[in-house]
Each structure stands twice: as structure tokens, then as C-alpha cells.
1. Once ligands and nucleic acids are excluded and a 1.4 Å probe is used, how much of Asp107 is accessible, expressed in Å² to the nearest 10?
2. What is the percent carbon and sulfur in the accessible area of segment 198-267, measuring with a 1.4 Å probe over the protein chains and ignoring ligands?
3. Per-residue HN-Hα couplings for segment 294-306, Karplus 6.51 cos²θ - 1.76 cosθ + 1.60 at θ = phi - 60°, whole Hz, x for Gly and Pro?
4. When the helices in the chain are scored as -39500 (n - 2.57) per DSSP H run of 4 or longer and the sum is shared across all residues, what 222 nm value do you end up with, to the nearest 500 deg cm²/dmol?
5. Amide H to amide H under 5 Å from Ala27: which residues, 5+ apart in sequence or cross-chain, H placed 1.01 Å off N in plane?
6. Please turn the phi angles of segment 356-372 into ³J(HN,Hα) values with the Karplus equation 6.51 cos²θ - 1.76 cosθ + 1.60 (θ = phi - 60°), one per residue in order, whole Hz, x for glycine and proline.
7. In a Gaussian network model over the chain where Cα atoms closer than 10 Å are linked, find which of Gly190, Gly140, Gly213 has the largest mean-square fluctuation.
8. Students often forget the sequence filter, so: which lysines lie under 18 Å Cα-Cα from Lys198 once same-chain residues fewer than 8 apart are removed?
Amino acid sequence: MKILVINAGSSSLKYQLIDMETESVMAKGLCERIGIDGHLKHSPLVGGKPVFDEDLAMPTHAEAIAAVIDKLTSAEYGVVASMKEIDAVGHRVVHGGEKFASSVRIDDAVMEALKECTPFAPLHNPANIIGINACRDVMGNVPMVAVFDTAFHQTMPGKAYMYAVPYEYYKNDGIRRYGFHGTSHRYVSGRCAELMGKPIEELKIVSCHMGNGSSIAAIDCGKCVDTSMGFTPLVGLPMGTRCGDLDAGVIQFIMNKYGISIDEMLNILNKKSGVLGVSGVSSDFRDLDNAAAEGNERAQLALDMFHYWVAKVAGSYVAAMNGVDAIVFTAGVGENSKSSRKAIAEYFGYLGVTIDDEANSKRGEDIMISTPDSKVKVFVIPTNEELVIARDTRDIVG
């Protein structure tokens with residue numbers, strides 16, 4: 001079975017074609033600037049075909065999908081003979097609300113439910129819906145599956161997902177903690193169990209997805225019991241440009257003092273805050289490392305804050321689960337920054353964690369970076385959300 005995985009944004013579309021017999025990627029690519037001037041980079045990974053990397057007119061997502069299909073099946077750049085070889089399509093969908101606790105096959109009823117979830121993710125769900133509709137228009141009756149970022153967190157108990165506001169806001173409006181990065185947390189926790197040689201049903205795992213957007217999940221016996229992002233991806237850890245947890249009174253104070261509208265305030269909190277706002281240097285942790293090494297105190301402060309918050313939230317999840325067997329680092333910072341991993345792990349001395357510096361210096365592979373005698377195991381596991389989407393799609397469409 002060959003499955004096309006689609007991740008549609010408002011003006012972009014990422015894709016991978018995966019052969020599920022070997023779980024290997026046959027081709028991948030990115031459509032950018034959809035609705036503007038259009039650009040496609042298509043990379044075949046089998047057959048020795050060349051990369052296509054050129055501007056291409058894409059007025060809508062429909063033309064982008066058509067271009068993807070054309071390149072996947074073309075004689076010069078293709079990896080399959082025809083579209084008939086693509087058995088199904090898996091779509092990443094950001095928000096499933098409380099309606100979806102697992103991946104589902106897409107039909108008209110599901111599409112209506114996705115629209116109902118749009119107020120929870122107004123920047124993301126409409127783009128996901130556009131991508132699904134474009135695929136349905138171009139690919140006809142090829143079965144399609146929606147895989148939700150929020151679904152993995154639907155196992156959280158009420159004490160973890162409820163906010164202490166009048167209950168009517170939850171009952172009438174769905175105001176609660178939803179969490180994000182669920183597909184990533186699900187993948188790395190499962191892979192961690194494999195590396196430990198134990199059933200995930202016997203493990204307590206803290207998963208640290210650390211990138212420009214960051215979140216932590218407490219995974220007890222394979223089920224999420226808490227996570228750091230909330231109603232939106234804005235809260236939790238300080239991130240690249242997002243503020244993380246913040247006293248709501250700060251928002252009121254700034255708005256009143258500077259005459260800022262709520263939309264302007266949210267733009268500041270989402271795009272001008274986090275480590276960028278603190279450092280004044282960059283939202284890229286590599287730039288912060290370089291600036292801190294040169295003596296930039298604000299860059300060092302931003303890094304220290306991030307490391308502290310990861311350790312603090314992870315520690316609270318150890319308490320929530322009454323123990324921990326493994327801690328996993330993943331995503332851009334988690335997979336690539338040995339200095340951040342080391343700094344965070346130093347907070348875990350009380351757990352009996354010790355880090356193997358040689359192992360911690362490696363990149364791009366599944367590896368245990370704690371020493372053999374470390375009471376809690378620490379892993380770096382590159383995330384693979386596309387593979388999770390492909391596996392769910394395979395399992396659902398059969």
C-alpha cells in the first residue's frame with residue numbers, strides 16, 4: 001500500500017509518499033506561496049530521479065495538489081506509474097475538538113464536524129479543510145483519513161483539561177485544555193517503549209517536543225494524562241515567538257497603558273514574545289546559542305528561561321504520574337541542541353539522571369543519552385509525524 005501524506009497550510013502544502021510495505025519515503029516535497037506566485041520543490045527518493053525545484057503557478061490548493069500528482073507520476077520526476085498506485089491519502093488536521101479522539105476516515109459528516117471545530121483553530125483548520133477538498137476534487141474516490149494533533153490528548157482526565165472558570169464556558173463553548181503536537185508525542189513515546197524493550201502500557205514517559213513551538217506531555221501507560229499547551233498553542237513553555245504561560249492581568253495592563261487592541265496584543269504574544277522577545281536577538285535557538293557564547297546576557301537569559309520551564313513542567317508531570325521511567329527529547333531543538341538537553345537534564349539530578357556526554361553529542365538517530373546506571377532513562381528520538389499519519393491511514397482504510 002502506498003499512502004500520500006498531506007499537511008496543508010494557508011499558503012503551503014507539504015507532502016510525502018510512503019510505501020507502507022517498508023515504511024520508506026518514496027518522495028517528498030513542498031508547495032509554497034500558493035495563491036501568490038507558487039513554487040514547488042519535489043524530491044524523489046527512489047529510482048535516481050532528479051529533484052524538481054522551480055516556480056509553478058498555483059492559484060489555489062487544487063492546482064498545488066494537481067502539480068504534486070503530476071510530479072509523482074511523471075516520467076522524469078515520478079516514483080509511481082500512475083495515480084492508481086496511490087491507495088489512500090492521510091491528512092494532518094490541527095484541531096478535532098472533543099469530537100475526535102482518534103483518526104477517522106473522511107466523509108461529508110466529518111467535513112462538517114471539521115468546520116465546527118474551526119473557531120478553535122481559525123488559522124489552521126480552514127487550511128486543512130482546503131487541502132482535503134482540493135484532494136477530493138483532484139483524486140476523486142481515493143479514500144482519505146484525517147489525523148488530528150489534538151486527538152492523542154483526549155485521554156486527559158477532567159482535572160487536567162478543565163480551566164477554573166465558570167463551568168458554563170466549558171459546557172456551552174468548549175473552553176478547556178486541548179493540547180497539540182499529539183502525533184509527535186504519540187510517535188516518540190511508542191518508539192521509546194520499543195527502545196526500552198517494554199510494553200508502553202508498563203511505562204511512565206515525559207515527552208518533550210522542543211522546537212519553535214514546544215510542548216511537553218505526560219504519558220502514563222501509553223495514554224496522555226497532561227500536556228503543556230492549552231486551549232490554543234500559545235501557552236505552556238516560552239517558545240520561539242510565543243509567550244507561554246502568562247498572568248492575564250499582564251495583558252490587561254499592557255493593553256490599557258499602550259492603547260493596544262486585543263488583536264494587536266495577541267499578535268505580540270504569538271509573534272513577538274518568547275525567546276525572541278526576551279533576547280531581542282532571534283527566535284532561532286542556534287542564534288541564541290551563538291549570541292550567548294559571545295556574552296549576550298539577554299540571549300543567555302532566554303535560554304535559561306526555556307531550560308528552566310522545560311525542567312519545571314517535566315518535573316510537575318513526574319508528580320502527576322507518581323513517577324517516571326523515561327524522558328524523551330524530540331523536534332528541532334530537542335533533536336539537535338546537545339547544550340539544551342544537557343542544561344535541562346541537570347535539573348533532574350533528584351531523579352537519578354546522569355547524561356553520557358558522548359552519546360549526547362550525536363544527532364539524527366534514536367539514542368539513549370543517559371548513562372547505563374541512570375535511574376531514569378533519557379532518549380533523543382527524531383519525531384516522525386508523517387509515519388504516524390500513514391500508519392493510521394493504512395489501518396483505517398485497510
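1. Rounded to the nearest 10, that gives 70 Å².
2. Values: 1740 of 3100 Å².
Here carbon and sulfur together make up 56 percent of the probe-accessible area.
3. 8, x, 6, 5, 5, 5, 5, 4, 4, 5, 4, 4, 4
4. Values: 15 runs with 155 residues, N = 398.
For the chain, the value works out to -11500 deg cm²/dmol.
5. Leu17, Leu45
6. Each residue's phi maps through the Karplus curve to give 8, 4, 5, 5, 5, 7, 7, 9, x, 8, 6, 8, 7, 9, 8, 6, x Hz.
7. Answer for the Gaussian network model of the chain: Gly140.
8. Within the straight-line limit of under 18 Å, Lys198 reaches these lysines: Lys223, Lys375, Lys377.
The values are calculated or read from the model by the stated rules, or taken from the named source; none is laboratory data. These figures come from a predicted structure and were not determined experimentally. As a convention, Cβ positions derive from the backbone with ideal geometry for all residues, glycine included, and neighbour counts pool all protein chains shown. These accessible areas exclude ligands, DNA and RNA; they are computed on the full protein's heavy atoms, side chains included. Shrake-Rupley method; radii C 1.70, N 1.55, O 1.52, S 1.80 Å.
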